[in-house]
Structure formats: C-alpha cells, structure tokens
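The values are calculated or read from the model by the stated rules, or taken from the named source; none is laboratory data. None of the values given here were measured: they were computed from a predicted structure. We place every Cβ from the backbone using ideal geometry, glycine too, and count neighbours over all the protein chains shown. Ligands, DNA and RNA are stripped out before the accessible areas are found, and what is left, the full protein with its side chains, is counted by its heavy atoms. Shrake-Rupley method; radii C 1.70, N 1.55, O 1.52, S 1.80 Å.
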Amino acid sequence: MDLSKSAIQTYFQPEGHVSAENSQEPPEALIMQSLQNNDSDAILKKRTQQESITGVILAGGKSTRMGRNKALLDLGGICLIEKTYQTMSTLFPEVILITNTPDEYAFLNCRSQKDIYPGIGSIAGLHAALSTSDTERIFVVPCDMPFLNPALINLLCQTTQTYDAVVPVSDKGMEPLHALYHRRSLQQLEWAITHDDKKLQNFLRNIWTYFLPVSAYRHIPNAQLAFQNINRPEDYAAIDLARQNELPPEGAKKTSQPSHFLGTL
C-alpha cells in the first residue's frame, strides 16, 4: 500500500493510541537499551522461538497479474514458496501455510489451513492464521517475497505483547503483510469482515498498532529489500537476473552502517 508518512500519521492512529511515528518523543525513545554487540543471529532466533510465535505464510492469491502460480516460480532450483518456508522455519518453531489449494503445496512439511471466509483477499488469510494458530502471536509474510530478512523479522518479533500489531513502515508506506499480530485483534478482524470492510488499513486503525519506523531498522543491511514482491512477469525476470548476478535488484541500496540489533520495543 503506497501511503505517505503523513497519511500513516493521519489515518493509522486510533483514538487514544500513539504510534511511534506520531509520538511526542522520538522513535528512539521508545526503544530500550540495545543488545550487546556480540549477540548473534542464533541468539536472536532462540529468543524468538522461546516467545512461541508462529510463522505464517499466506498463499491465497490468484496470481492474476503473473498468469501462473507465482508461489511455484523457480529461483535457482527451488520454488519461491519453498524458499520462504526455509527462512521462516529457521525462525519459528511452527510455520503454518494459509491456502485454499493445499494439495499444490503438499511437498512442504507444514500444517495448512484454508480461509474461513474465502474470496475476500488477504484479510481472510490473516483471519484464518489467527484463528488456527496455537500461539498468542503470529508473524505473517506472503509467499511472494523472495528476500526475507531474518534480522528484520527478529527485530519485529522482539516487541512486547502490549501491541495488537507491529507493522513496519518502508519507503513505500506500511507493510501489513510483513508484520506481527496478536490474537486479541481477532475480534476486531472478525467484525471488519462481517461488516464488509476488507481493507487492512482500516483494521489497523482500530487496534493498538505500532508502526516501526525506517529509522529503527536502517542499520540492517538491505532491510527494505525484504518488502519487494513478485507480482508480474517483469518482476520475476528482474529478480531472476539479479540472482544470477548475485546482486540485489536494481534500486536496492546497501548500507555502510555497522550491523547491530535493537532491544525490546
């Protein structure tokens, strides 16, 4: 969703709620003491698993613009959804696949769940995930993001359980399909669906949402590349060419800042 920073401030702050972007204090004031520099990815992954967050992959799209099932696109001998699953399974003790065609993904070693409200888009996938998860919190990604960043996911998962949702903001706007959700938001999600309001931005407006600003994850190399997805044949062609050249797609910027990780939000 291509929303400007000002639009997020205007439309995504529920009454009585304060987002990081619109707080009177700078975003950094909402971030606790940084983890020590010698913390490794392995330690962060262990902490994420100890919190018992379920990983969720949404694979319910019709791939209309691609013309074929984009989840099964080949990326150097492995299909896109399998690549996504491999990343998610290293971060979470369980990964659930939300799909209305589970037979297509029988090769994945994970539980699958169909939409309870089929035919209404990604909001139905989020609803099904929250409804079927055995944990209080879930981390959701779509099946068409080939550059998931474990460090960024770990950062989002280190937030406290105070929030109903933790949604990163990229240069393009908010990223609600690369985000953390708490089960207590399920009632509001159910209300939105039954009242024919299928826009995730409206749902996020009515729960306690923390919008993680770019400044909070700028230190992670190529973090914003994680939000790039594959919708059209030209997207796939560009990503496949970049993979062959072992370079990020055109326009991706590498950071020269040192890598470190922030503490709990």
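Summary table
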read-out: Cα centroid separation, segment 157-187 to segment 122-147 (Å); value: 11 Å
read-out: DSSP bridge orientation in segment 64-216 - percent antiparallel, rounded to nearest 5; value: 55 percent
read-out: Gain upon complete extension [Lys114, His195; 0.36 nm per residue less C-alpha separation]; value: 27.1 nm
read-out: Dipole magnitude of segment 168-238, debye to nearest 20 (Cβ charges: Lys/Arg +1, Asp/Glu -1, about Cα centre); value: 220 debye
read-out: Cα-based convex hull, segment 94-145, per residue volume (Å³, whole number); value: 87 Å³
read-out: Net length gained if the chain between Asn231 and Val214 were fully extended (0.36 nm per residue, minus Cα distance); value: 3.7 nm
read-out: Sulfur and carbon atoms: percent of accessible area, segment 127-243 [1.4 Å]; value: 47 percent
read-out: Reciprocal of mean inverse Cα separation for segment 158-233 (Kirkwood radius, Å); value: 13.7 Å
